[in-house]
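**Q** I have a structure I would like to understand better, so I am pasting it below and will then ask my questions one at a time.
The values are calculated or read from the model by the stated rules, or taken from the named source; none is laboratory data. Predicted model only: the values in this text are computed from it and were never measured. Cβ atoms come from the backbone with ideal geometry, glycine included; neighbour counts cover every protein chain shown.
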Amino acid sequence: MDNSYQIPRNSLIWLLVSMFAGIAPHMTRLPIWLIAVCLLCGGWRVMVYRSRWRLPSRWVKGVLVFSGIAAVLGHYGTLLGPEAGTALLILGFCFKLLETHSRRDAFVVVVLGFFVVATAFFYQQSMVAAGYMLFVCFTIVAALIGLNQTPLQTHPGRTARRAGILMLQSLPLMVVLFIFVPRVTPLWSLDIGSGHARTGLSDRITPGDIAQLSRSPELAFRVQFDQAPPDPSRLYWRALVMDQYDGATWSRGDLDMDQEPMAVGVRSRKPWQSQIALRGERYSYRVIMEPTDQRWLFALNAASSTDTDLLQTRDFRLLADRPISQPFSYAVVSHLNYQLDVRLPNWLAQKNTQLPAAGNPRARQLARQLAQQSSSVEQLVGRVLKLFQEQAFIYTLRPPRLQGDRIDQFLFDSQQGFCSHYAGAFVYLMRAAGVPARVVAGYQGGEMNPLGDYLLVHQFDAHAWAEVWIPQKGWSRVDPTAVIAPSRVEQGVEQALASEQSFLEDSFFSPVRYRNVPWISQMRLALDYINFAWHRSVLGYDVKVQSQFLSRFLGEIDIHKLGYWMVGMVGVTLAVLSIVLFWPKIGRSRDPLLALYLRFCRKMAKRKLARENGESPGDYLLRLQQRWPDKAAQLQELTNLFSEGHYGDQRNGDKHSGTRGSQQRQQRIKVILKSL
């Protein structure tokens, strides 16, 4: 008989299920050839079980292993790192399952399966992903249980029930460990660099780019304020500053503001940080942002943070110390009444007044005329905004395509555009008039979720506005879009585009598009609140949150005290689980007849006639009768009473405990015990 059948059929089924279920979350990331190899291994193993094919020979296994390693090295360029390591682990998992022919091999596959589950958290930590991986763990546990069953136990449903019960029993211990185990940076917080484009802001803006981004219903970030949030018209979430224009595109320029000395720790002090004057209206809040694979963060103006892993840049933004490849949470404090760069350095003034040497002559002429008519920068700003307001400018997601002198075409010909058109044209006019100005990109507004009192900021909330340097006041925000389409700032992009009905026109199946349908909106917000709670309470349970949480109940916490409490709580939990799980079984197994019979056995043991392990009552009776022939009748009667009451009731499915017949047997056995 082929030794491949040493693995129970029940366990093999669950191993195959766990293999396909564990690989499924990686399907979009793995190369197509690796997926094909995994499917081949699974199909091969099924055919072996059906006695159609044989297990691979040694040379076939060698070819598979070495070619798999070479293919991974060729595809990723390395055998190290999360992505290449995950691919190798999945290959090893599939190859080991293919060659498995004994229980010992199957136990190795089970261990590899748990590691495959862990790798999925490199890429996703959402509640849905965690729930799915819990299901994969369930299939692996079922396979492990199947390995410890006899070949006669072939019903997968019973194994699944046992696996489910076992995982439910482990939940209390899991909760205790989650609360008390000292928090460390998880492996899945590493910068993985997915290599895939993500929806979000770019560090280069060509008029129309944000219009395309505003067609996306994807979530950008969530914000929870510690107090009542500001009015929606004041929610300008700063992310990027564009200070260079090449005639078509606004970009961040040659000077990298994301590197030292232009980016420093939030607790560091640089001379330029003294140019931030805060004048009240303090708001503290926490941002939970979605992955962007970029370092820039989102915050209101004049932002600071107590998180030591954040940086503050010379253009007054917050920055992470590494690209955000996973959901990221950080605390922020902002002051909406502020002054930035009251004294502007000459090099920065020159940088923010530069324009291409030629191009857009009509816009340059207009800027000179307006500057001559204005006695101050504030008056110049007002004249430009009045120009936008009085002429027939249109706010639209469907602007005509611009080429050549784009600013001239927009201001004097098309007069149709989105926020980036207006912000770019406004900054161009300011610079042409000799006034320092720059484009700021980020998001504006947000949707309040009343279930958790937090804001949802989507990609369609992407926005661009301008900052102008005004003497004695510093950088001041100017939003030309608020003049063209006030509803965009006050009520959101959906209301601003209501007349042309272009809001999320390419996202027919997105529930965000149907925010005006009450039941759809309520269901969407409820689901998002569950995800928000998951991110805040589970993924956000870091060292700081753990310390604050435990300090409420245990006082000041250090690593030693935390360790003692963890060991103690684990012990208490295990003790409670043991009592709950085993005490009822002990109580049920000691039925009155069995208790009396065991009492009889102990009495005989004192007389040097102990019952052997595994010895049946009948065999024990024969030994006792040989030793005490004069008591043979009484011993026979006691054994018969016990056997009829105990084994007969179990065989017939009856339970006579407490009934008249059972009581009579018990009384008679007690009488016999006294006579022995």
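**Q** Suppose we keep only residues that are buried (at least 19 other Cβ atoms within 10 Å of the Cβ) and of a type in the set (G, A, S) within the stretch 305-340. Which one would you say is farthest from V439 (Cα to Cα)?
**A** This residue is S325.
**Q** Could you please find all residues in the stretch 408-426 being crowded, with 24+ Cβ neighbours inside 10 Å and farther than 13 Å from F388 by Cβ?
**A** Within the stretch 408-426, F418, S420 meet the criteria.
**Q** Out of all the residues in the stretch 475-509, which are among the hydroxyl-bearing types (S, T, Y), surrounded by fewer than 21 Cβ atoms within 10 Å (Cβ to Cβ) and modelled with pLDDT of 80 or more?
**A** Within the stretch 475-509, S476, S487 qualify.
**Q** For A349, are the conditions met, namely being out of contact with any Ser or Thr (no Cβ under 6 Å at 6 or more places or on another chain), within 23 Å of P480 (Cα to Cα) and in a loop (DSSP other than H, G, I, E, B)?
**A** Considered against the rule, which asks whether it is out of contact with any Ser or Thr (no Cβ under 6 Å at 6 or more places or on another chain), within 23 Å of P480 (Cα to Cα) and in a loop (DSSP other than H, G, I, E, B), A349 comes out as no.
**Q** Taking the condition of being in a loop (DSSP other than H, G, I, E, B) and within 22 Å of G452 (Cα to Cα), how many residues in the stretch 276-290 meet it?
**A** 1
**Q** Just the residues that are assigned to a loop (DSSP other than H, G, I, E, B) and farther than 17 Å from Y422 by Cα, please, taken from the stretch 493-507.
**A** A498, S499, E500, Q501, S502, F503, L504, E505, D506, S507
**Q** Looking only at the stretch 578-594, filter to residues that are modelled with pLDDT under 75 and over 45 Å from the mean Cα position of the chain (by Cα); which one of those is surrounded by the fewest Cβ atoms within 10 Å (Cβ to Cβ)?
**A** S589
**Q** How many residues does the stretch 509-556 contain that are among the basic types (K, R), more than 18 Å from R222 (Cα to Cα) and not assigned by TED's automatic domain parsing to the domain that holds P217?
**A** The number of residues fulfilling the criteria is 2.
**Q** Can you run down the residue pairs with Cβ atoms below 8 Å, 6 or more apart or on separate chains, where the first is in the stretch 39-54 and closer than 16 Å to R9 by Cα and the partner is among the charged types (D, E, K, R)?
**A** Taking only residues 6 or more apart or on different chains, the pairs are V48/R54; Y49/R9; S51/D2.
**Q** Only one of L366, L385 is in contact (Cβ under 8 Å) with a residue 12 or more places away in the chain, more than 48 Å from the chain's Cα centre (by Cα), buried (at least 17 other Cβ atoms within 10 Å of the Cβ) and in the same structural domain as I484 (by TED's automatic domain parsing). Can you tell me which?
**A** One residue alone meets the criteria, L366.
**Q** Quick one: which residue in S476, S537 is among the hydroxyl-bearing types (S, T, Y) and not in a strand (DSSP E or B)?
**A** After applying the criteria, what remains is S537.
**Q** Can you tell me which residues in the stretch 291-327 are over 20 Å from the mean Cα position of the chain (by Cα), among the hydroxyl-bearing types (S, T, Y) and in a loop (DSSP other than H, G, I, E, B)?
**A** Listed by number, the residues that qualify are S305, T306, T308.
**Q** Confirm whether L397 is modelled with pLDDT under 90 and surrounded by 17 or more Cβ atoms within 10 Å (Cβ to Cβ).
**A** Values: modelled with pLDDT under 90: yes; surrounded by 17 or more Cβ atoms within 10 Å (Cβ to Cβ): yes.
Here the answer is yes, as L397 does meet what is asked.
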